[in-house]
């Protein structure tokens, strides 16, 4: 049942309000109580954006987790106790079934903690039956359990009992007469008190540019956004909250590097030291990410093998987990270093010098629009050339090169997305994504099959008595990866043709007119 | 969803107390639970302080004129709802008899509620009638309270025979001793000897206790006012045993 919530004015007199409600029927007052609520979500608010709320409710005696629909407060599922950090660790059942596809690899993190002092009363009918629950709630909010100190507006919740709608209607009317104002949800109150906005922390959110903007300013804006993504994912990466923090961090580094190298002649000469530092960042984050990918893929690896062979992969999993922990510790040390702190702060200073176009080469003062057309067009033609040259005899290296070309094209399209009509650009990005998936899978299977052999060698070095069954199971896995690599290879021609469809080619060739059209409409 | 019916051919054996107390325990663990009071006496409805009335009576209910969901009332307890009794249920047999496939009617009515509730308890009137047969078709298991007396055991045997005659093998029979007074020699003797005769008999016994009778004074389930009492704890053990037997605790 959906509750109706009201904010109490700061000087509200609870006794007077209760007295007014007593006119609707007998009121049964319950002992005062305390409740701690912890609202959980992923770093990028996946549950919030899926109209969901996951909240752990703790009284001094027990805890339970409830999953509610955010808009209606309807209960979707409940679980005794607190909930695990990852959806895959939740006991099998409806809660896990529905959370897993939403959260994927993302961890559940506390987004707001609320301590409430509750005064409850029940409105009774003439049989003594409860027909409505009234709850006065006052309290504080905090970002973490240890810092719950921001005061929240006091609220009155009217929770109806199924089958007794009249009691709710009368109570809502009365709340209106008492001049109580309809309240936003408790989470909204808490986030407002914490000055914590709900943002979809996405590396993909396009940065807003205009065609006339100077190239220098456009580049700075894109790089500022990438720097922001690095900064916001840094703490989560160091703490290894989930693998996505590092992934997003790395993507932002890669995008930054791509922009620095592809547009090198538009930057001041001072940029070269940053280029080296970002290269270093790419290198130090690589090994942990590789191990993360193995661990994320592990359930899929198991599915590749027969039931009887699966248990024999356990030593591989333990080895990967230990290596990941080791690499993660090393990574956290590097990310906590003075070198990174200095890099991020100097990089910020460099990007903030809005009026320093004078320090930039002459070319960077020209508008970004035509340059974006040319650069995307050039990258596109390169993909077309390389893709058309690939046939059944091409070596894997040729597909790898094409994968890199596609990635560059994709970055350019996403950097300059706001200059073009969203519908057409969306279509082209989608078409490219399809091809990238094929090339990405091909590359992943190739690299993983190769690296698994190396991992196997390392495992045997550490433990010369490694069971033969484990070696056989890893061998079978490598074989399956080869088979899947071949399947992707066979699919390539079809996926490339789909990307190179005449309609897409036309769109790519008319980028400048598309951009002009967008400018006219806006 | 699991449909559990508290049933005995004989009256006054603790059917309603069982339905109300077990439903309360199920709801307390966070599982959405419904009690359908099918007994025109409306004892379960009385315990939950709800008006024993449904709009249009049993005729409107069976005709589908009233959606079951609109007749459901929330109780004073979280996750626990009630479909109240109505005096017209005394003619439910006749109403069922008027319809095609009378024994399938209750199952059909319950269908729309499957998604909303984890447990549905049917509190049945005593006797063996068309209503009982419809309950047997709708339920996954029958919880059969038996007082350790000769007559009670006779009715249990009648029920077992009826089940095999009607080929209701799908229906799980879960008899258990209720209102056991260990001061009485006959109760002691039957409770000790009977498990060998009836293999499906549950091990938990509900003692005869004034706390159970006081449910009528409090108008609430036992665990809400005397959860640590002897019968209160016995109902908890019974619920755990039933969940094990029905494969619910996996």
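Values computed for the structure shown
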read-out	value
The listed residue being surrounded by 13 or more Cβ atoms within 10 Å (Cβ to Cβ) and either at pLDDT below 90 or within 14 Å of another protein chain (Cβ to nearest Cβ) (or both), out of B:237, B:246	B:246
Among the residues listed as A:408, A:365, the single one being in contact (Cβ under 8 Å) with a residue 60 or more places away in the chain and in contact with a strand residue (DSSP E or B) (Cβ under 7 Å, 6 or more places away or on another chain)	A:365
Index of the failed condition, residue A:127 passing every other in (1) surrounded by fewer than 17 Cβ atoms within 10 Å (Cβ to Cβ); (2) touching a strand residue (DSSP E or B) at 6+ places or on another chain (Cβ under 9 Å); (3) not in a helix (DSSP H, G or I)	(2)
Test: residue in the range B:114-121 that is away from chain A (no Cβ under 14 Å) and more than 16 Å from the chain's Cα centre (by Cα)	no
Any hit, the range A:346-354, residues being at pLDDT below 95 and under 30 Å from residue A:516 (Cβ atoms)	yes
Test: residue in the range A:60-78 that is closer than 24 Å to residue A:246 by Cα and either more than 14 Å from every other protein chain (Cβ to nearest Cβ) or part of a strand (DSSP E or B) (or both)	no
Residue in the range A:132-142 that is more than 14 Å from chain B (Cβ to nearest Cβ), surrounded by fewer than 18 Cβ atoms within 10 Å (Cβ to Cβ) and part of a loop (DSSP other than H, G, I, E, B) present	no
Residue in the range A:238-252 that is touching a helix residue (DSSP H, G or I) at 6+ places or on another chain (Cβ under 8 Å), free of Cβ contacts under 8 Å to residues at least 40 places away in the same chain, part of a helix (DSSP H, G or I) and surrounded by 15 or more Cβ atoms within 10 Å (Cβ to Cβ) present	yes
Any hit, the range B:180-200, residues being buried (at least 18 other Cβ atoms within 10 Å of the Cβ), touching a helix residue (DSSP H, G or I) at 6+ places or on another chain (Cβ under 6 Å), more than 14 Å from chain A (Cβ to nearest Cβ) and touching a residue at least 60 places away in the same chain (Cβ under 8 Å)	no
Those residues of the range A:90-102 which are outside any loop (DSSP other than H, G, I, E, B) and either within 11 Å of chain B (Cβ to nearest Cβ) or more than 19 Å from the chain's Cα centre (by Cα) (or both), in sequence order	A:94, A:95, A:97
The one condition in (1) touching a helix residue (DSSP H, G or I) at 6+ places or on another chain (Cβ under 8 Å); (2) farther than 27 Å from residue A:100 by Cα that residue A:273 fails to fulfil	(1)
All positions within the range B:134-154 that are surrounded by fewer than 17 Cβ atoms within 10 Å (Cβ to Cβ) and in a helix (DSSP H, G or I)	B:150, B:151, B:154
Residue list for the range B:146-163, restricted to those being closer than 19 Å to residue B:133 by Cα and under 19 Å from the mean Cα position of the chain (by Cα)	B:155, B:156, B:157, B:158, B:159, B:160, B:162, B:163
Checking residue A:162 against (1) within 38 Å of the chain's Cα centre (by Cα); (2) outside any loop (DSSP other than H, G, I, E, B); (3) within 14 Å of chain B (Cβ to nearest Cβ), the condition it does not meet	(2)
Count of residues meeting criterion [within 14 Å of another protein chain (Cβ to nearest Cβ) and buried (at least 20 other Cβ atoms within 10 Å of the Cβ)] in the range B:50-60	2
Boolean, residue A:105 is in contact (Cβ under 8 Å) with a residue 12 or more places away in the chain, more than 14 Å from chain B (Cβ to nearest Cβ) and outside any strand (DSSP E or B)	yes
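Residue-wise test of (1) within 22 Å of residue B:204 (Cα to Cα); (2) at pLDDT 95 or above; (3) within 14 Å of chain A (Cβ to nearest Cβ).
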| site | (1), (2), (3) |
| --- | --- |
| B:10 | yes, no, no |
| B:16 | yes, yes, no |
| B:20 | yes, yes, no |
| B:37 | no, yes, yes |
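Table: residues versus (1) surrounded by fewer than 21 Cβ atoms within 10 Å (Cβ to Cβ); (2) within 12 Å of chain A (Cβ to nearest Cβ).
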| position | (1), (2) |
| --- | --- |
| B:28 | yes, yes |
| B:31 | yes, yes |
| B:40 | yes, no |
| B:47 | no, yes |
| B:62 | yes, no |
| B:67 | yes, no |
| B:78 | yes, yes |
| B:90 | yes, no |
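The values are calculated or read from the model by the stated rules, or taken from the named source; none is laboratory data. Since this is a predicted model, take the numbers as computed values, not measurements. Quick reminder, even Gly has a Cβ in these numbers, built from the backbone with ideal geometry, and neighbours come from all protein chains shown.
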